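K.L.:
Quick one: this structure, given as structure tokens, is what I'll be asking you about.
Values quoted throughout were computed directly from the atomic coordinates according to the rules given, and no laboratory measurement underlies them. All values reported here derive from a predicted model rather than from experimental measurement. No Cβ is skipped: glycine too gets one built from the backbone with ideal geometry, and neighbour counts run over all protein chains shown.
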Amino acid sequence: MTAGEAAKERAARQRLVRVARGLEDGDLLVRGAQVVQPVTREVFGADVLVAGGRVAALVGAGAGVRAARTVEARGAFLAPGFMDAHVHIESSLLTPARFAAAVLPRGTTAVVAEPHEVVNVLGVRGLTWMLEAGRTSGLRVFGSVPSSVPASPFERGGAVLDAAEVAAALRLPGVLGLAELMNYPGVLNEDPGVWDVLEAGRGGRIDGHAAGVAGRDLQAYAAAGPHSDHEATTPEEARERLRAGLWLMVREGSAARNLEALLPVLRERPRRALLVSDDVSVDELLSLGHLDRLLRACVAGGLHPADAVALVTCNPAEYWGLHDLGLVAPGYQADFVLLRDLSGFEVLETFVGGVEARAGTVTPPLPGDSVNLGPGWDTATFDVPAHWPVMQVRPDQITTGVGAPGTGDARLVVADRYGRGDYAACWTSGTGMTGGALAISILHDAHNVAVLGGTDADVRAAGRALEALGGGVVVVAGGEVRASLPLPYAGLMSDRPPQEVAARLSQVTAAARALGCTLPYPVTTLSFLGLSVIPALKLTPRGLLDVQAWQLLPAGRVPAGTEN
């Protein structure tokens, strides 16, 4: 902080003191609210006085408080603004401003964005763009620096972040720490490159990512230095992470739904737990909500409303070291929501910095690579080695199972989108696809092209259609495009209004279902079938990966534990 900034901060704090003492008028008075205080598990009546974008005081009714403007709460519940401590904005298919338009009405006032997707495509330039776009979004958008670009040695995206670049990015304004350390085999096996990145983040907050890791391996992973994990899927895994000193991030998104299974642990009131969405699609944001939806589920599942609110307010703020967010209390940023009740969590109004929240309308340009499948694509064929196992797709998880060869019903093709010409194919089960092809350019984490189903001709047509869109989602049948969603921002995001993007996505989903697809969120589920750090089988342009064995499968090798 410069001397000028320090003087300005001092003056603002001194004004807060004068307003709190009644020596000066405030800027805003919210009168007649029921304040939710998660740290004491209380709900109490108070008027909230705001000055300079911060809370100056909580005062009793009829105290003669004066302010330039008054909002009548009329008994509505006033809670801190909700914070998503781990979210990939790109997975919503929206730019930050359009994401803000979808979540601000749901009470979300801050997010910690892990821009792993755009950084895999564009490198550090993607991170700086996300922070810049966040500043004009109307939402408080903080960032964490992706630690695994690429996610593993088996993936190649559009960029590589080494330890020096990570260290430089950690110094950017608005960056809070090192993002999810996904390459846990590299951590456990002391891979020098992985550990160089880990050491670059040492001293700050380090997010973990340890899918399926347990026992001594989990102890070893925690000993390396990560502070959290959002991959627990069972109460046993959740408790094991808490016992290992890791903060428990309970994930409930569009592809991975873990909240219901972990509610028994949350009812035990663990000291270090929070709710995150991780990846959530635009259609679900509009129809079901964001963190408000998770709060409804928590209260319905037996949590005290104040305990539920803590999971999306003071707990994530504490985790990320945001000392002036997460509470409605003197000196804190005046980010809060007015709620009709504490069961449905219907948001009446959202405030950011003491002002009614409004999403931004300007998104900075994002020039860069789109989709380039190379000249050989037009004659490519996509044969599957006869002895490869089948990838069993699960509709509500990002993990996959392992099926015996010959039990698949829909082919999956993954192709390099950066002009290198690599591609591979495997069989899947559980998708329901019986004809045509669904193709996307949002394949975590390298964001290559994935095509589910289809003849060779359909696969080739779908790939060329994605090139023409500059990236996005298409459904092809008989060589013709049946539905599409352009995502021109790095082949990942749209700057169109959320309702329009959701409508186009709905058309894509309907077209996929007309071809037999039974997945509730086919685009989101398909986007994880190439993520090489999530068990058990994942497909990359280089071939089928056995994640637990940490090696690509040669033809004829079937992993142990294959299900018949």
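K.L.:
Please work out the Cα center distance from the stretch 259-323 to the stretch 444-464, rounded to the nearest Å.
P.N.:
35
K.L.:
In addition: Going through the stretch 1-79, which trypsin sites (Lys or Arg not before Pro) have at most 10 other Cβ atoms within 10 Å and a DSSP loop state?
P.N.:
Taking the stretch 1-79 and a limit of 10 other Cβ atoms within 10 Å, the loop trypsin sites (Lys or Arg not before Pro) found are R21, R74.
K.L.:
Working from Cα positions, state the angle (0 to 90°, nearest 10) between the long axis of helix 3-20 and the longest principal axis of the chain.
P.N.:
Approximately 60 degrees, to the nearest 10.
K.L.:
For the stretch 154-164, what does the Karplus curve 6.51 cos²θ - 1.76 cosθ + 1.60, with θ = phi - 60°, yield as ³J(HN,Hα) per residue in whole Hz, taken in order and with x for Gly and Pro?
P.N.:
8, 10, 9, x, x, 7, 10, 9, 8, 5, 5
K.L.:
Can you list residues whose amide H is under 5 Å from R205's amide H, if they're 5+ apart or on another chain and H is modeled 1.01 Å from N?
P.N.:
Long-range HN contacts for R205: L178.
K.L.:
Let me ask something else. With an 8 Å Cα cut-off and a minimum separation of 6 or more residues, compute the relative contact order for the chain in percent.
P.N.:
So the answer I get is 16 percent.
K.L.:
Label the stretch 132-288 by shape, choosing from rounded, prolate and oblate, from the square roots a ≥ b ≥ c of the eigenvalues of the Cα gyration tensor; if a/c is under 1.5 it is rounded, and otherwise prolate applies when a/b is larger than b/c, oblate when it is not.
P.N.:
Note, shape of the stretch 132-288 comes out oblate.
K.L.:
Give me the dipole magnitude in Debye, nearest 20, for the stretch 280-371 about the Cα centre, with unit charges on the beta carbon: positive for Lys and Arg, negative for Asp and Glu.
P.N.:
Once rounded to the nearest 20, the dipole reads 80 debye.
K.L.:
Projected onto the charge dipole of the stretch 479-540 (+1 at Lys/Arg Cβ, -1 at Asp/Glu Cβ, origin at the Cα centre), which of V508, V481, P535 gives the Cα projection farthest towards the positive end?
P.N.:
Selected residue: P535.
K.L.:
Between R417 and residues 5 or more places away or on another chain, which pairs have amide H atoms under 5 Å apart, with H built 1.01 Å from N, and which residues are they?
P.N.:
Excluding prolines and chain starts, which carry no amide H, the hits are V449.
K.L.:
Can you give me the Rg/Rh ratio for the stretch 25-136, using Cα atoms for both radii and the Kirkwood formula for Rh?
P.N.:
1.12
K.L.:
Mind listing the phi-derived Karplus ³J(HN,Hα) values for the stretch 173-178, rounded to whole Hz, using 6.51, -1.76 and 1.60 with θ = phi - 60°, and x for any glycine or proline?
P.N.:
Computed from phi, the couplings for the stretch 173-178 are x, x, 8, 9, x, 8 Hz.
K.L.:
Placing +1 at every Lys and Arg Cβ and -1 at every Asp and Glu Cβ, with all other atoms neutral, what dipole size does the stretch 375-552 have around its Cα centre, in debye to the nearest 20?
P.N.:
The calculated dipole for the stretch 375-552 is roughly 160 debye.
K.L.:
Helix 215-224 sits at what angle to the longest principal axis of the chain, using alpha carbons and giving 0 to 90 degrees rounded to 10?
P.N.:
The angle comes out near 60 degrees.
K.L.:
Classify the stretch 149-193 from the C-alpha gyration tensor, please: rounded if a/c falls under 1.5, else prolate or oblate depending on whether a/b exceeds b/c.
P.N.:
Prolate shape, in that a/c is at least 1.5 and a/b is the bigger ratio.
K.L.:
Whole Å is fine, so just give me how far the alpha carbon centre of the stretch 350-411 lies from that of the stretch 51-83.
P.N.:
45
K.L.:
Shape verdict for the chain, please, from the Cα gyration tensor: rounded (a/c under 1.5), prolate (a/b greater than b/c) or oblate.
P.N.:
Prolate.
K.L.:
Another question, if that's okay. Using only the alpha-carbon atoms, how far is helix 498-514 inclined from the longest principal axis of the chain? Give it as 0 to 90 degrees, nearest 10.
P.N.:
30
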